[in-house]
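Q: Take a look at this one; I'll ask things after.
The values are calculated or read from the model by the stated rules, or taken from the named source; none is laboratory data. Please read all numbers here as calculations on a predicted model, not as lab measurements. All Cβ positions, glycine included, derive from the backbone under ideal geometry; neighbour counts span all protein chains shown. When the accessible area is computed, the model is the full protein with side chains, heavy atoms only, and any ligands, DNA or RNA have been set aside. Shrake-Rupley method; radii C 1.70, N 1.55, O 1.52, S 1.80 Å.
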Amino acid sequence: MKPTKRTNGNKKKSVFDAEAFLNSAGVARTIAGFQRNETLFSQGDACKTTMYILKGGVKISVVSNTGREAVVGILGPGDFIGEGGLAGQPTRMATATAVSPTTVLVMDNKEMFRVLHSESAFSDRFITYMLERNTRIEEDLIDQLFNSSEKRLARTLLLLARYGKEDKPQRVLAKISQETLAEMVGTTRSRVNFFMNKFKKLGFIKYNGGLQINASLLSVILHD
């Protein structure tokens with residue numbers, strides 16, 4: 001499948017349409033729908049499939065041996081989940097839960113291997129995605145080590161709104177609890193509530209049929 005062209009101002013950039021490719025007749029896959037709070041897969045399940053999010057949002061969380069749960073990410077349309085099996089993981093390392101009505105393409109790992117080996121354009125897109133995911137994990141670690149909880153919350157909200165992505169930013173977020181945000185940021189719910197109220201007063205966010213993120217929230221991250 002050939003890459004498509006998208007225009008950003010006067011600058012053209014080649015973007016591979018992974019969704020269109022995975023929806024093509026040559027790829028064996030199923031479409032699955034999940035309601036809010038429904039589990040896509042659980043920590044400890046066998047790694048037999050890889051999923052691609054078409055719409056909605058998915059929370060990735062892990063539980064320690066002592067029963068403590070931590071949210072390690074929120075993924076949205078255009079993201080792959082459960083790809084650990086492609087790297088040889090026998091069981092799921094985390095639990096995936098829908099945070100809003102979600103639709104995913106589900107592919108058996110054998111089919112994913114076939115497509116990755118036979119379709120260079122898709123393989124290149126998948127490798128690029130995984131490299132970007134690794135970079136994001138490194139940035140998250142640096143964020144946790146060196147930035148204040150206010151900056152971490154601002155960065156988390158901007159990432160959830162997909163600012164900086166090639167596709168159109170998702171300016172209104174699906175419902176996400178302050179408890180979940182606190183787990184992602186690594187702080188308390190009361191601190192999240194305090195900063196959310198502050199962001200609202202400053203016009204960085206507003207509630208209008210959902211949580212709307214203003215690009216001006218970037219100023220919190222850039223301010224020393």
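Q: Identify, from the list THR97, THR156, the residue that is in a helix (DSSP H, G or I), buried (at least 17 other Cβ atoms within 10 Å of the Cβ), within 13 Å of the chain's Cα centre (by Cα) and at pLDDT 85 or above.
A: Answer to the check: THR156.
Q: Moving on to the next point. Give me the residue from the stretch 118-144 that is in contact with a Lys or Arg (Cβ under 9 Å, 6 or more places away or on another chain) and open to solvent by 80 Å² or more (accessible area, probe 1.4 Å) and, out of that set, modelled with the lowest pLDDT.
A: Restricting to residues being in contact with a Lys or Arg (Cβ under 9 Å, 6 or more places away or on another chain) and open to solvent by 80 Å² or more (accessible area, probe 1.4 Å), the top hit is GLN144.
Q: Another one. For LYS175, indicate whether it is in a loop (DSSP other than H, G, I, E, B) and surrounded by fewer than 17 Cβ atoms within 10 Å (Cβ to Cβ).
A: yes
Q: Which residues, taken from the stretch 56-74, are of a type in the set (D, E, K, R) and more than 9 Å from ALA98 (Cα to Cα)?
A: Across the stretch 56-74, the qualifying residues are ARG68, GLU69.
Q: Would you mind finding the one in GLY33, GLY78 that is under 18 Å from the mean Cα position of the chain (by Cα) and assigned to a loop (DSSP other than H, G, I, E, B)? Can you show your working first?
A: Numbers: GLY33 fails: assigned to a loop (DSSP other than H, G, I, E, B).
Of GLY33, GLY78, the one residue that is under 18 Å from the mean Cα position of the chain (by Cα) and assigned to a loop (DSSP other than H, G, I, E, B) is GLY78.
Conditions (1) within 19 Å of GLY33 (Cα to Cα); (2) modelled with pLDDT under 90; (3) surrounded by fewer than 20 Cβ atoms within 10 Å (Cβ to Cβ), marked per residue:
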| residue | (1), (2), (3) |
| --- | --- |
| GLY57 | yes, yes, no |
| GLY88 | no, no, yes |
| PHE146 | no, yes, yes |
| GLU150 | no, no, yes |
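Q: Sticking with this structure for a sec: Return yes or no: is VAL115 in contact with a Leu (Cβ under 8 Å, 6 or more places away or on another chain), in a helix (DSSP H, G or I) and either surrounded by 13 or more Cβ atoms within 10 Å (Cβ to Cβ) or at pLDDT 80 or above (or both)?
A: no
Q: Can you name the residue in the stretch 73-82 that is open to solvent by less than 30 Å² (accessible area, probe 1.4 Å) and not aromatic (Phe, Trp, Tyr) and is also farthest from VAL172 (Cα to Cα) among such residues?
A: GLY82
Q: Return the residues of the stretch 194-209 that are loosely packed, with under 15 Cβ neighbours inside 10 Å and either in contact with a Pro (Cβ under 7 Å, 6 or more places away or on another chain) or more than 11 Å from GLU150 (Cα to Cα) (or both); say none if nothing qualifies.
A: ASN197, LYS200, LYS201, LEU202, GLY203, LYS206, TYR207, ASN208, GLY209
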